[in-house]
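For reference, the structure is listed below as structure tokens.
The values are calculated or read from the model by the stated rules, or taken from the named source; none is laboratory data. These numbers come from a predicted model, not from an experiment. Cβ: placed from backbone, ideal geometry, glycine included. Neighbour counts: every protein chain shown.
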Amino acid sequence: MKLALELNGRPTELECEPDEMLLEVLRREGLGSVRATCGIGVCGACTVLVDGEPLSGCLTLAPKVEGREVTTVEGLAGADPVQRAFIEAHGFQCGWCTPGFVLTAKALLAENPQPSEAEIAEAFGGNLCRCGSYVKIVDAVRRAAGEPAGAR
Amino acid sequence: MGIDPRVAGAQRYSVDLERPGMLHAAFVRSPHPHARVLAVDASGVPSDCVTLLPDDVQDLHLYGCQVRDEPVLTPLARHAGDIVAAVAAPTAEAAKAAARLLDVRYEELPAVFDPVQAVSPGTPLIHPDGALSAGEAVSIGVRPLAGTNVCHRFRLVHGDLTAGFGEADVVVQQAFRTPGAAHAPMEPHAAVAEWEDGRLTIWTGTQTPFNLRGDLAVAFGLEEERVRIIAIPMGGSFGAKTFVRHEAPLAALARKAGRPVKVVLDRTEEFVTLNRHPSVIRVRLGAKRDGTLVAKELDCWVDTGAYADCGPGVATKLGYAGVGPYRIPHVRVDALAIYTNLPPNGAFRGYGAMQSIWASERTMDVLAERLEMSPLELRRKNLLRDGDVFATGEVMHDVQFERCLQAAADAVDYERDPRGKGLCVLLKGMQTPSRAAISVERAGVGYVIRSAACEMGQGVRRSLQLMGAQMLGCEPGQIDVPEPDTDTSPFDTRTTSSRSTHMMGRALEVAVRDLRASGGERGYGEVHNEGGLDPDTGQGVASTHWHQGAAAAHVTVDEETGKLTIEHLHGVAYAGRVVNREGAELQNEGSMIMGLGTALFEAIEFADGQVTNANLSDYNLPAIGDLPKRFTHELIEREGAEVHGLGETVLPPVPAAIGNALFSLGLELHELPMSAERVLAAVDARDARAAAADSAPEARVPVAVDGQGLSG
Ligand code: FES
Ligand code: FES
């Protein structure tokens, strides 16, 4: 079937199966930042923003995003303030989980520009980083929220 | 310059590999933990698929990094998940579907899943013909015990144990268990294999490109030069992507198909690919009344699973790390690497050190209690200092244990009030002997540094750029560090045991000197660290360079529910000189977080040899919400010191620090993880003890080791 959506700011028409997951469809489009990892919605490495809301690509049926706005990290300009904050805070090691954390952070800050420590932890409840970069990821969110570096 | 590809989402890993005309593989795995393959019927498989069956691998050889015991496809499944056949198809889905159509008939055999049981008389043998040592490729002498499931026995003998215990005023004996654990890198194992004119090329996420090349050359009967490994940056590894894993059957499948073949393992397959060694460890420790340690005996049963992999090396390192950073005149260690019918266990961040440090450092606190001494004071009194001789006979140099321990104690204000607090101090070796080489070439506006140091998130590329920039007088960005390729990168033993920054840094200094001396175009540097231990006596050089660290934990317990709250966790690593500060901090934090998972909830659960929690929902990984209320760490530096590896120093002390914090509250935990159920059981046991106040404490040896004495 055909799937029409706004993908990373551009109206796009994709080919997909009715029972296919969004993760598969996006990877086929070459969007390699969306990463199959746990396959069951617990790790957040396949996170995409659908109308600004973080969703797991591995659990979202592709036809559900018909007509909606889908953003992957490839769609951020690269100069996005959240991405810059991750770089400044060194909030990553191997980088596998990073796109998911960046998008989740973006969604959090859009809704809550000054999140507390507990709110940050809650927002990242569905994002795992096996490298354990969490301290610096939290720092990155703080920086993106305009707090002084290293404030804990 | 663009932004870091990891943040842009542009980083590519082995799962992203594409080769023209490539097929996709699926492996057919035994559902039984121990079973002979009687017949494989592939007649149901669609004709556009290529199958790899037992007949196709008749000409191939057993391989293994320390013991040659692993076949490319096995005629005898030794664990549930052992690979018995493989299929290649145009898509990954088609390959998986075809793999299900392959009909394999098995004859089930009796199996064993516990390392202590596996060495009892009458237990089925998992490698009945014994196994061949991998010969000169092995950095340690392997000592199998013929006619048993022991693939390696490591012994360390220092002084006279009987005399030592004779001098002791107090002796404590304790036994501990640790479970298997999953490395669970976010990126699964993946690779592409391709043959061209009898030459094999594999693109794969690996920490050990040269070992992989050597072992595959053995398996396929090729000259090493006919195998090329290109090591793709990894989405985490932690030891999971070492030696030969999925690459051997993949290469055989590509040979049969005559086309490139790619495989990406499923998350469930990850749990049967390589795990952490479960262990049982018994410690006997004797001291004088004043706390001077006089004797220590350590018996270790190390479960290496169905294949040895690097189990012999892990048992060795586990064995000597369990002695601890102490002056003890009389020591005996007996560590067995034992085959069982569990999936293979291998290198895991810390390489066995966590298991024995957990046992050994918990025992220190038990001894301190018996001596009515502060655990801090007991440790301080016995710590190795510069010039002391360790149990391996090595004279210690650049010793910082006391600084590490004191820093940990101070961080939690231990001396003011030790209740609810625990300490751990550790000594850990680096891969010895080993060799590292590197080359530097002038190129355009900068330099190219070639080495086989593999990137897995630890930042080795960045460290090479930073060190290179300093030595060459340029900007880090002017240095290109291509990915390791065994055709063009100089030899390196492997990217393990936190050795790369240290070894490569030294090799780079030599290479830069060579570059200057030879006209500025090209330089080559190579360094060796010589040594190794005698496996029968444990004497020799365990490590040319010691990793030193400590941890302190402050905990509170809800005694109604067993819920453990970590109020504060502090880790300390001796860094010598820091090359990449943020990288070093990230490695420390990551190690401690992994240590927390190990301490509190990570365990692979088995039922009759089948993993019952092979997914990331039932197997929990630490998330942000699991971080302690206070989570701090420090790097101890010293002017003019060497660069010390930091990749895993502060993982091993975390479980023991938390276990000792519980012990200060009267809660005795002997088995990891310290789940709420176990904490609750410890609360009940403490209360029962208080009720029967006359019970003798020395009679409590809580983990049954079924009388399998290791004497002889
Ligand atoms: S792969 Fe989708 S949440 Fe883990
Ligand atoms: S940086 Fe490796 S998983 Fe997060």
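Can you tell me which residues in region B:561-588 are on the phi > 0 side of the Ramachandran plot and either at pLDDT below 90 or surrounded by 22 or more Cβ atoms within 10 Å (Cβ to Cβ) (or both)?
Our first condition is that a residue be on the phi > 0 side of the Ramachandran plot; within region B:561-588, this holds for B:562, B:576.
Result: B:G576, single match.
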Residues within region A:73-89 that are in contact with a Gly (Cβ under 8 Å, 6 or more places away or on another chain) and either under 25 Å from A:G39 (Cβ atoms) or within 9 Å of another protein chain (Cβ to nearest Cβ) (or both), tallied: 4
Residues that are at the interface with chain B (Cβ under 7 Å from one of its Cβ atoms), without any contact (Cβ under 8 Å) to a residue 40 or more places away in the chain and within 16 Å of ligand 1 (Cβ to nearest atom), drawn from region A:90-123: A:C94, A:G95, A:T98, A:V102
Residue tally, condition more than 7 Å from chain B (Cβ to nearest Cβ) and either closer than 17 Å to B:S14 by Cβ or surrounded by fewer than 22 Cβ atoms within 10 Å (Cβ to Cβ) (or both), over region A:33-48: 4
Selection count where residues are buried (at least 24 other Cβ atoms within 10 Å of the Cβ) and not in a strand (DSSP E or B), scope region B:419-428: 0
Residues satisfying the stated conditions in region B:221-242, i.e. surrounded by 23 or more Cβ atoms within 10 Å (Cβ to Cβ) and either part of a strand (DSSP E or B) or away from chain A (no Cβ under 14 Å) (or both): B:V227, B:I229, B:A231, B:T242
Failed item, numbered, when B:R403 is tested on (1) surrounded by fewer than 24 Cβ atoms within 10 Å (Cβ to Cβ); (2) in contact (Cβ under 8 Å) with a residue 40 or more places away in the chain; (3) not in a helix (DSSP H, G or I): (3)
Count of residues meeting criterion [without any contact (Cβ under 8 Å) to a residue 24 or more places away in the chain and within 18 Å of B:M234 (Cβ to Cβ)] in region A:39-57: 0
Boolean, A:C16 is buried (at least 18 other Cβ atoms within 10 Å of the Cβ), away from ligand 2 (no atom under 16 Å from the Cβ) and not aliphatic (A, V, I, L, M): yes
Count of region B:476-490 residues which are touching a helix residue (DSSP H, G or I) at 6+ places or on another chain (Cβ under 6 Å) and in a loop (DSSP other than H, G, I, E, B): 3
Neighbours by Cβ (under 8 Å, 6+ apart or cross-chain): first from region B:326-349, on the phi < 0 side of the Ramachandran plot; second among the hydroxyl-bearing types (S, T, Y) and part of a loop (DSSP other than H, G, I, E, B): B:Y339/B:Y307; B:P343/B:T273; B:P344/B:T273; B:P344/B:Y307; B:G346/B:T242; B:A347/B:T242; B:A347/B:T496
Failed item in (1) more than 16 Å from ligand 2 (Cβ to nearest atom); (2) among the small types (G, A, S); (3) crowded, with 21+ Cβ neighbours inside 10 Å, with B:S617 passing the rest: (3)
Single unsatisfied condition, A:G146 versus (1) modelled with pLDDT of 95 or more; (2) more than 16 Å from ligand 2 (Cβ to nearest atom): (1)
Exclusive hit being without any contact (Cβ under 8 Å) to a residue 12 or more places away in the chain, more than 14 Å from chain A (Cβ to nearest Cβ), of a type outside the set (S, T, Y) and over 30 Å from A:S133 (Cα atoms), set B:A217, B:A146, B:A175: B:A217
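Only one of these is crowded, with 22+ Cβ neighbours inside 10 Å, among the acidic types (D, E) and more than 14 Å from chain A (Cβ to nearest Cβ): B:D48, B:D55, B:D59, B:D69. Name it.
B:D69
Give the number of residues within region A:124-152 that are assigned to a helix (DSSP H, G or I), more than 16 Å from ligand 1 (Cβ to nearest atom) and at the interface with chain B (Cβ under 8 Å from one of its Cβ atoms).
Qualifying residue count, region A:124-152: 5.
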Conditions (1) touching a residue at least 24 places away in the same chain (Cβ under 8 Å); (2) crowded, with 17+ Cβ neighbours inside 10 Å; number of the one not met by B:D480: (2)
Residue ID - farthest from B:R419 (Cα to Cα), chosen from residues in region B:558-599 that are assigned to a loop (DSSP other than H, G, I, E, B) and away from chain A (no Cβ under 13 Å): B:V579
Selected residue [within 16 Å of ligand 2 (Cβ to nearest atom) and either farther than 30 Å from A:E147 by Cα or outside the structural domain of A:A107 (by TED's automatic domain parsing) (or both)] from A:V70, A:V65, A:V48, A:V34: A:V34
Criterion (surrounded by 24 or more Cβ atoms within 10 Å (Cβ to Cβ) and touching a residue at least 40 places away in the same chain (Cβ under 8 Å)) met by exactly one of B:T206, B:T273: B:T206
Qualifying residue in region B:253-269 (condition: within 21 Å of B:T486 (Cβ to Cβ), away from chain A (no Cβ under 14 Å) and in a loop (DSSP other than H, G, I, E, B)): yes
Strands (runs of 3 or more DSSP E) enclosed by region A:1-86 - at least 1 residues per element that are more than 16 Å from ligand 1 (Cβ to nearest atom): A:2-7, A:10-15, A:69-71
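Looking only at region A:73-83, which residues are touching a residue at least 60 places away in the same chain (Cβ under 8 Å) and away from ligand 2 (no atom under 16 Å from the Cβ)?
A:E74, A:G75, A:P81
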Unique match (being in contact with a Lys or Arg (Cβ under 6 Å, 6 or more places away or on another chain) and surrounded by fewer than 24 Cβ atoms within 10 Å (Cβ to Cβ)) among B:T493, B:T432: B:T493
Residues satisfying the stated conditions in region B:601-634, i.e. within 14 Å of another protein chain (Cβ to nearest Cβ), touching a residue at least 60 places away in the same chain (Cβ under 8 Å) and aliphatic (A, V, I, L, M): B:A614, B:L616, B:L621
